[in-house]
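Enquirer: Got a structure for you, questions after.
The values are calculated or read from the model by the stated rules, or taken from the named source; none is laboratory data. On a predicted model such as this, the values are computed, not experimentally measured, just so you know. Glycine also receives a Cβ, built like all others from the backbone with ideal geometry; neighbour counts cover every protein chain displayed.
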Amino acid sequence: MFRIGQGYDVHQLREGLPMWLCGVQIESPVGFVAHSDGDVAIHALCDALLGALALGDIGHLFPDTSAEFAGIDSKILLRRVMDLVHDRGWHLVNADITIALQAPKVAPYILPMRECIASVCGVDADAISVKATTTERLGFVGRKEGCEVWAIALLSHKAE
Ligand code: MG
């Protein structure tokens, strides 16, 4: 049995805030406005995993009105989502994440990002793809106002 899910998230950029993507801190003069650590890539992946099992979304699971999640490391949220996946007998086959960000360049961080997500999800790094693109200076991403991320995750379940 297989299930597929997709996730999408956007965070606004602001000067002087930390930038976390796929659990890795990126050297950058701007970072993400958020209630959590703002790891927009992990948030999209969480929504893909939740989407595959029709379990809602991370905004529902981890409300941004709750003090418990203020400034929280998004890897903790991903671990909790993976617990929900594993508790139901499913496991992650692979995930594919696309990050749209005008600057800074995240290419040097791709391998550590894949390794970080793989270790949190308990899979090999070759099951996690992370891709980055600019939007050729078009739109809010191109104007460096925000970052947009899409994620897709495939889950499998051993048939009884
Ligand atoms: Mg988010």
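Enquirer: Is it fair to say Asp87 is closer than 25 Å to Ala100 by Cβ and among the acidic types (Asp, Glu)?
Expert: No; evaluated as a whole, the condition is false for this residue.
Enquirer: The conditions are (1) more than 18 Å from Leu154 (Cα to Cα); (2) hydrophobic (A, V, I, L, M, F, W, C); (3) crowded, with 23+ Cβ neighbours inside 10 Å; (4) more than 10 Å from the ligand (Cβ to nearest atom), and Ala95 fails exactly one of them. Which is it?
Expert: (1)
Enquirer: In segment 51-68, which residue that is assigned to a helix (DSSP H, G or I) and either within 14 Å of the ligand (Cβ to nearest atom) or buried (at least 18 other Cβ atoms within 10 Å of the Cβ) (or both) is nearest to the chain's Cα centre (by Cα)?
Expert: Ile58
Enquirer: Here's a follow-up. From the list Val85, Val123, Val149, Val93, pick out the single residue that is assigned to a strand (DSSP E or B), under 20 Å from Leu49 (Cβ atoms) and in contact with a His (Cβ under 9 Å, 6 or more places away or on another chain).
Expert: The unique qualifying residue is Val149.
Enquirer: Is it the case, given these coordinates, that Ser36 is under 9 Å from Ser74 (Cβ atoms), of a type in the set (Ser, Thr, Tyr) and in contact (Cβ under 8 Å) with a residue 40 or more places away in the chain?
Expert: yes
Enquirer: Within segment 34-48, work out how many residues are more than 10 Å from the ligand (Cβ to nearest atom) and either among the small types (Gly, Ala, Ser) or surrounded by fewer than 20 Cβ atoms within 10 Å (Cβ to Cβ) (or both).
Expert: Qualifying residue count, segment 34-48: 1.
Enquirer: Among the residues of segment 1-50, which ones are of a type in the set (Ser, Thr, Tyr) and part of a loop (DSSP other than H, G, I, E, B)?
Expert: Listed by number, the residues that qualify are Ser28, Ser36.
Enquirer: Report yes if some residue within segment 35-54 is touching a strand residue (DSSP E or B) at 6+ places or on another chain (Cβ under 7 Å) and either modelled with pLDDT under 95 or over 20 Å from Ala153 (Cα atoms) (or both); otherwise report no.
Expert: Yes.
Enquirer: OK, next. Does any residue of segment 76-86 turn out to be free of Cβ contacts under 8 Å to residues at least 40 places away in the same chain, within 12 Å of the ligand (Cβ to nearest atom) and under 24 Å from Leu17 (Cβ atoms)?
Expert: no
Enquirer: While we're here: Residues being outside any helix (DSSP H, G or I) and either among the acidic types (Asp, Glu) or without any contact (Cβ under 8 Å) to a residue 24 or more places away in the chain (or both): count how many of those fall in segment 96-120.
Expert: Count: 1.
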